[in-house]
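Notes for the one structure printed next.
The values are calculated or read from the model by the stated rules, or taken from the named source; none is laboratory data. Fair warning: this is a prediction, and the values are worked out from it, not measured in the lab. Every residue, glycine as well, gets a Cβ built from its backbone with ideal geometry; the counts of neighbours run over all protein chains shown. These accessible areas exclude ligands, DNA and RNA; they are computed on the full protein's heavy atoms, side chains included. Shrake-Rupley method; radii C 1.70, N 1.55, O 1.52, S 1.80 Å.
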Amino acid sequence: MLTKDRAVCIRAVDYSETSQIVTFFARLAGKISAIAKGSKRPKSAFDGPIEVLSYGDIVFTDADKDKLATLTEYQQQPMRGGLRRNLFALDSVLFAAELLNRLTHDCDPHPILFDQFVQLIGDLDEQAAAGPRRDILLRLILFQLALLREVGLRPNLKTCANCKRPVSSDWRESYFSSSANGLVCRDCEMNFPERVQLSGPAARTLANLGQIAQTPENILDEIEAVLIHHFTETLGQRPKMAAHVLKSRPK
Ligand SMILES: [Zn+2]
């Protein structure tokens, strides 16, 4: 049976001299892996090798959780030009694609997340030309929080995840714990050995995301480091692209 969908390629690996195995995040089907036979031949049905972050309409057969689908049609539109000119913007989108691949299951549809991912690619493509690094980082953080919500891992950011005391400027120390799935206060932090400390401004930004648009870059970098800690704990391994978006901060 043939299925038609709209999709972004989030991973592509060589399978043979002439073929690739590609992973698409598709709007209605969710994540699917497919073999693209002959995609590396000069005259392939897919206009050449399939590139990560290309997008367009796909047609495929027989997708299910246990076996590869076969890609039969893909009119790929290549990644936009802006992303090719700004390494941080490109790395941010590649990081988002890696997280999508790791945090979603095969054939589990997430149309809202698909739309948000396409929007992220478009926004960062535009910002790549003129936008400061801070704006790109802000956009990436919002996508990561949306991703966590959409896959059912919404972190607890308004209160201590353990004792439920509201986050406020009275908190003398703030922590984030991946196992508690959220912010943790000073009285509870010792219960969560993997917790990381974060500054008051970073904790209050997470507790009040309406203000994140005004948050300075160094606080956003701190929040990104906390999110990477969280993804690393959640996935059991550090995402490969993490090092490319993380600014090394003096401790
Ligand atoms: Zn607490």
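A few remarks follow.
- The angle separating the long axis of helix 87-103 from the principal Cα axis of greatest extent in the chain is about 90 degrees.
- Using alpha-carbon coordinates, inclination of helix 133-150 to the longest axis of the chain, degrees: 80
- Cα centre as origin, Lys/Arg/Asp/Glu Cβ charges: the chain dipole, Debye: 320
- The label point for Asp57 and the one for Lys158, both projected 7 Å from the Cα toward the Cβ, are 4.3 nm apart.
- Look at the alpha carbon pairs under 8 Å that are at least 6 residues apart: their mean separation over the length of the chain gives a relative contact order of 14 percent.
- To put it simply, the accessible area of the chain at a 1.4 Å probe is 50 percent carbon and sulfur.
- Estimated [θ] at 222 nm from DSSP helical runs (n ≥ 4, -39500 (n - 2.57)) normalised by residues in the chain, nearest 500: -11500 deg cm²/dmol
- Once the Cα atoms are used to define both axes, helix 111-130 deviates from the longest principal axis of the chain by about 80 degrees.
- On full extension, the segment bounded by Gln214 and Asp108 gains 34.6 nm, given 0.36 nm per residue less the C-alpha separation.
- Computed FRET value (nearest 0.05) for Asn191 with Arg149, which takes r as the C-beta separation and R₀ as 35 Å: 0.90
- Fully extended contour minus Cα-Cα distance, from Asn101 to Asp115, at 0.36 nm per residue: 3.5 nm
- With R₀ fixed at 30 Å, the C-beta to C-beta distance from His244 to Arg165 puts the FRET efficiency at about 0.25.
- Cleavage-rule hits, trypsin sites (Lys or Arg not before Pro), the range 4-64, DSSP coil, Cβ neighbours within 10 Å at most 16: Lys43
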